1. Determine ³J(HN,Hα), in whole Hz, for all residues of the stretch 26-41 in sequence, where each value follows from phi through the Karplus function 6.51 cos²θ - 1.76 cosθ + 1.60 and θ = phi - 60°; x replaces Gly and Pro.
2. Gain in length, Ala307 to Thr32, computed as 0.36 nm per residue apart minus the alpha-carbon separation, to one decimal in nm?
3. Using 7 Å Cα-to-Cβ label points, what is the Arg182/Arg59 separation (nm, one decimal)?
4. Once the whole set of protein chains is in place, how much accessible area is left on Arg267, using a 1.4 Å probe, in Å² to the nearest 10?
5. Kindly state, to the nearest 0.05, the FRET efficiency for Glu106 paired with Arg84, given R0 = 22 Å and r defined as their beta-carbon distance.
6. For Thr138, enumerate residues with amide H under 5 Å from its amide H, sequence gap 5+ or separate chain, H modeled in the peptide plane.
7. Which value, in nm² and rounded to one decimal, describes the direction-averaged projected area of the C-alpha convex hull of the stretch 53-99?
8. Please calculate how many Å² of accessible area the stretch 183-252 carries per residue, with a 1.4 Å probe and no DNA, RNA or ligand atoms counted.
Amino acid sequence: MTHPRRRVLLLSDDDVVTGTLRRLTRIGEHLTAEADVVMATLAGQVAAGPQEPRFPLQRIASHHSLNADPEIWERDYLMPRLDRLMSGFTPDVLVVDGDLPSRLLERLDRAHPTVHVRLTSAAEVPIGGKLTARSTPTPVILGEITEDGAQSAATTAPLLDAAVRGATGGGLTAGSEPGETRAPTVVLDLPGLSPDTTAAVEDAALEFFASRRPEWRVALLDSAVARRTAPGVERISGGATAELVSRTVGALAVPGHRAMHTWTPARIPTLWLTEGPGSERPIRGAAERPRRRLRPDQQEALRRRAARCAEAGWGHHAELDGPQDMDALRSRLTEALELMDGRGWVPSGLARMPEDGAEQAAQAILRVVSAPAPA
């Protein structure tokens with residue numbers, strides 16, 4: 001069926017580490033000039049900041065949020081909803097961003113044949129450039145800030161987080177506006193660490209800044225733990241906002257796509273944290289909190305990003321061995337924080353805002369759907 005305007009269905013998972021909803025929303029905003037856009041997401045939270053979509057958004061509860069068996073959830077809950085959406089909207093292209101099962105996409109393709117595009121980050125492409133079976137749809141590869149240059153004709157410029165696009169002050173300028181006061185803030189952006197490690201990092205970091213920088217605020221961003229309630233500590237859900245970025249002087253972050261494309265382009269001094277293999281195991285005797293466990297290739301992408309950032313002078317990388325040895329974790333973290341504190345928490349790294357690839361990604365998607373079908 002031919003539509004007067006292209007119809008694009010955007011589908012994201014619920015992974016707050018990669019920031020699929022936020023980056024897919026930014027691309028969708030550029031698509032609306034030439035296409036009718038609808039988004040479906042498994043993310044339950046409303047994303048904070050300037051990136052709330054201006055096009056229809058359907059939220060479908062993930063099996064994590066429903067505490068359901070993945071196969072039963074996929075068969076009896078997810079597929080019927082996607083079937084109705086595909087039948088009613090009849091998209092010309094389905095754009096997938098995030099960790100969605102390949103069998104699900106194959107079932108959708110059989111039931112509703114259309115062009116499939118998968119977004120992926122350049123850091124998540126295996127060494128050698130060969131995409132996995134998970135990426136059999138046409139790929140659009142989003143560039144990384146830490147890349148020396150584009151590796152493929154399909155690679156776009158880095159896709160910056162919407163919060164950075166709207167921020168002023170903080171790490172973006174030399175100072176605030178005349179008469180304007182902002183409480184200097186350190187952000188703990190830790191989605192992706194295991195819950196027990198997150199709890200240990202939050203406790204140690206809050207103690208460190210309470211003693212070293214008592215005049216600063218500490219923001220717990222999208223924390224799965226957030227156990228502390230104390231003066232000067234705030235909890236923020238749904239991702240960074242322009243206001244938060246504008247008053248941030250430092251960050252402790254897991255180098256997922258969202259964090260990388262927030263704190264690095266804003267030139268915020270960042271301590272990048274990753275976990276060693278197996279460190280996601282809970283402390284013995286402790287109940288395991290529900291969380292999405294990252295795949296080994298996702299963990300490796302985090303380490304690769306963190307190492308590149310440290311080599312480029314965009315912060316410091318510390319790998320934690322997990323909560324099994326709490327004293328060792330606190331010692332390692334405190335040592336890294338003392339190193340960052342000794343540097344002075346001053347803006348460093350990029351001299352200017354990098355080019356933003358949101359419009360490039362949108363145009364790449366439209367080129368795919370407009371390309372003639374192979375003979």
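The values are calculated or read from the model by the stated rules, or taken from the named source; none is laboratory data. Just so you know, these numbers come straight off a predicted model, no measurement behind them. Here the Cβ positions follow ideal geometry from the backbone for every residue, glycine too, while neighbour counts run over all protein chains shown. What goes into the accessible areas is simple: the full protein's heavy atoms, side chains included, and nothing from ligands, DNA or RNA. Shrake-Rupley method; radii C 1.70, N 1.55, O 1.52, S 1.80 Å.
1. After applying 6.51 cos²θ - 1.76 cosθ + 1.60, I find 4, 5, x, 4, 6, 5, 5, 5, 10, 8, 8, 10, 10, 10, 10, 9 Hz.
2. Length gained between Ala307 and Thr32: 95.3 nm.
3. Each label point is offset 7 Å from its Cα along the Cβ direction, giving 2.9 nm.
4. Accessible surface of Arg267 is approximately 50 Å².
5. About 0.70, to the nearest 0.05.
6. HN-HN under 5 Å from Thr138: His116, Arg118.
7. 4.1 nm²
8. 33 Å²
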